[in-house]
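A short reminder: the numbers here are calculations on the coordinates, not readings from a lab. Everything numeric in this text was worked out from a predicted model, so none of it was measured. Neighbour counts are summed over all protein chains in view; Cβ atoms, including those assigned to glycine, are modelled from backbone coordinates with ideal geometry.
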Amino acid sequence: MYIGLALLEALKQQGACEIFGIPGDFALPFFKVIEESQVLPLYTLSHEPGVGFAADAAARLHAGLGVAVVTYGAGALNMVNAVAAAYAEKSPLVVISGAPGIHERSTGLLLHHQVKSLDSQFAIFREITCDQAILSQPQTAPAAIARVLQSCQVNSRPVYIELPRDQVFESCEAVPALPPAIDYDQEALQACVDEILNRLQAAQAPMLMVGVEIRRYNIEAKVAQLARKLGVPVVTSFMGRGLLTDADAPLIGTYMGLAGDETLTQQVESSDALLMLGVIMSDTNLGVSQKQIARRYLIDAADGQVSLGFHTYPHMPLSALVDALLKRLGDDPPLPPPPAHHYPRHLPIDEAPITPTDIATAVNDFMADYGRMPIASDIGDCLFTALDMENTELVAPGYYATMGFGIPAGLGVQAATGRRPLILVGDGAFQMTGWELGNCRRYGWDPIVILFNNSSWEMLRTFQPASEFNNLDDWHFAALAEGLGGRGVRVATRVELKQALDQAAQERGRFQLIEVMLQRGVISKTLDRFATGIKRLHGK
């Protein structure tokens with residue numbers, strides 16, 4: 001066994017299913033091992049941010065480790081924003097960077113790709129990962145790999161491994177299997193369960209809100225079972241949209257505060273026992289509340305602890321809590337699901353110009369005819385429009401809100417699941433990472449891409465409408481699709497949109513780019529409410 005192969009075997013054992021990367025000279029020896037060993041399939045993309053976003057999305061969809069491999073300096077530092085997004089949104093991403101060899105570090109010369117010192121990159125990634133290691137010694141490398149991968153799983157956050165190029169083929173032991181990192185007090189857990197159930201039973205209007213951690217820790221099915229046993233209404237947070245898609249759970253919608261359904265918002269904010277499982281306490285999840293949710297009514301289980309009102313049970317893993325709640329509730333018969341939420345359907349097939357609501361309606365009709373698809377969305381009105389689409393698996397940067405996520409994330413979704421994704425992206429974000437579609441032909445990926453083109457950074461315009469820098473040029477993206485290996489069509493009317501979606505459904509084997517021309521200033525009702533709510537909160 002040697003370090004490069006030991007690392008790959010450990011990644012596979014811990015749930016990694018594929019690797020995304022871009023080679024470079026300091027990483028070439030490890031890429032040689034990846035390619036020749038075939039332990040995990042390798043997908044190379046065109047730009048390091050796309051590598052990070054694709055690996056992040058893959059991790060989110062298969063509840064396992066996402067892996068991104070890049071070279072030192074120019075490669076790894078180019079991926080910092082994508083790793084920061086994964087950290088903020090609790091995605092288990094393993095970043096592996098090639099590095100200068102141990103022996104070449106002692107020449108006294110500055111090495112290419114070096115910034116300030118040879119350790120500058122390590123210091124930068126320490127800030128945006130939860131654990132780090134430099135595999136500089138064969139004797140200590142296996143234990144370091146085991147520790148770092150365990151940290152990635154336990155914390156569901158990125159980790160960083162630096163692999164000097166002259167260490168890849170150094171002999172080492174196999175990576176040891178570490179015992180599960182269980183760090184909680186059983187008596188405290190039972191007391192916590194007692195208090196939660198007592199609060200829920202005493203409440204007049206208990207509710208359950210679920211967030212991204214329930215998928216990150218692969219307990220979505222258990223949470224659905226818990227929801228049925230509790231018999232309380234369930235909502236997802238904004239970031240948790242797409243959870244419980246295939247579960248028989250009493251799901252009534254997505255909480256969006258001022259931007260969401262009025263009745264649902266009132267129901268959540270009036271709850272006198274709101275149990276939140278795995279919800280990130282961010283402004284996008286809770287910062288647009290119509291009225292401030294009283295802390296004394298919150299039961300917040302996330303980040304490895306449980307807070308009830310004004311006191312906290314530390315060291316309380318979410319999976320252990322859910323298991324204990326299920327055990328305490330026993331074998332109650334499952335409750336029937338609530339009436340289905342009604343999404344807009346039946347797009348008028350006419351020559352009227354397209355609005356974001358029309359796009360949501362057309363997609364709902366499309367999924368009714370051809371089946372549901374996982375969705376990868378960029379930030380912007382495309383994401384707010386997705387909230388009017390059928391509840392299906394969704395990956396999006398709902399909290400960190402970085403542009404450029406959608407296209408590479410969609411590729412990561414298809415690589416990880418084998419399912420054809422629907423990608424929603426704005427023209428501004430497409431300018432950043434849309435060119436990753438050019439890699440689809442090599443791997444047989446064929447996503448359907450709906451490009452919202454209003455020649456504008458339209459979401460920014462909602463907050464600062466007078467600024468002319470929000471205007472973008474019209475790049476005629478559909479005309480570029482053929483050269484990238486796909487098929488493109490530009491549509492401006494509802495009948496054209498319907499025809500384009502039907503054509504996309506019929507053709508497999510290459511990506512389909514539907515460029516939807518929208519008028520500047522025409523936004524979804526959800527984004528309009530969201531922007532109005534944010535302005536009101538900030539006194540504007």
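Taking Cα centre as origin and charging only the Cβ of basic (Lys, Arg, +1) and acidic (Asp, Glu, -1) residues, the dipole magnitude of region 356-537 rounds to 260 debye. Across q = 0.14, 0.18, 0.20, 0.27 Å⁻¹, region 53-122 modelled as identical point scatterers on its alpha-carbon atoms has Debye log10 I(q)/I(0) values of -0.49, -0.70, -0.80, -1.16, in the order of the q list. Report, to one decimal in Å, the Kirkwood hydrodynamic radius for region 20-85 based on all distinct Cα pairs. Radius from the Kirkwood sum: 12.0 Å. Using bins of 5 Å that start at zero, the share of Cα-Cα pairs per bin across region 186-329 amounts to 2, 11, 22, 26, 22, 13, 4, 1, 0, in whole %. Over region 3-167, the pair-distance histogram of Cα-Cα distances with 5 Å bins from zero comes to 2, 10, 21, 25, 23, 13, 5, 1, 0, 0 percent, rounded to whole numbers. On the principal axes of its alpha carbon atoms, region 101-218 extends 71, 32, 21 Å, with the longest extent given first. Measuring max minus min along each principal axis, the C-alpha atoms of region 235-320 give extents of 35, 31, 21 Å (largest first).
Among the GluC sites (Glu not before Pro) found in region 132-182, those both in a DSSP coil and sparsely packed, with 13 or fewer other Cβ atoms within 10 Å of their Cβ, are E173.
Remark: K116, K498 ranked as K116, K498, counting other beta-carbon atoms within 10 Å and listing the fewest first.
Ordering E89, E9, E104 from the fewest to the most neighbouring beta carbons within 10 Å gives E104, E9, E89. Helical runs assigned H by DSSP (4 residues or longer) give the chain a calculated mean residue ellipticity at 222 nm of -11000 deg cm²/dmol, each run adding -39500 (n - 2.57) before division by the residue total. Under a 5 Å amide H cut-off, with hydrogens placed 1.01 Å from N, G253 pairs with T236 among residues at least 5 apart or on other chains. Over all pairs of different C-alpha atoms, region 341-489 has a mean inverse distance whose reciprocal, the Kirkwood radius, equals 15.9 Å. Dipole check for the chain: with +1 at the C-beta of Lys and Arg, -1 at the C-beta of Asp and Glu, and the Cα centre as origin, the magnitude is about 400 Debye. The distance separating the Cα centre of region 379-421 from that of region 225-280 comes to 20 Å. Computed over the chain, the range of Cα coordinates on each principal axis works out to 66, 64, 45 Å, biggest value leading. First measure r as the distance between the Cβ atoms of F463 and K12, then evaluate 1/(1 + (r/R0)^6) with R0 = 35 Å and state the FRET efficiency to the nearest 0.05. It comes out at approximately 0.20. The count of lysine pairs in the chain with alpha-carbon distances below 18 Å, taking only pairs 8 or more places apart or on different chains, stands at 6. Computed over region 381-432, the convex hull of the alpha-carbon atoms projects to a mean area of 3.7 nm².
Where the centroid of each part is defined by its Cα atoms, how far is region 84-114 from region 16-55 in Å? Here the two parts' Cα centres lie 14 Å apart. Under the criterion of Cα pairs below 8 Å and six or more residues apart, the relative contact order for region 186-329 equals 26 percent. Sorted ascending by nearby beta carbons within 10 Å, beginning with the fewest, E482, E436 become E482, E436.
Only Cα pairs under 8 Å and 6+ residues apart enter the sum, and on that basis the relative contact order of region 392-540 stands at 23 percent.
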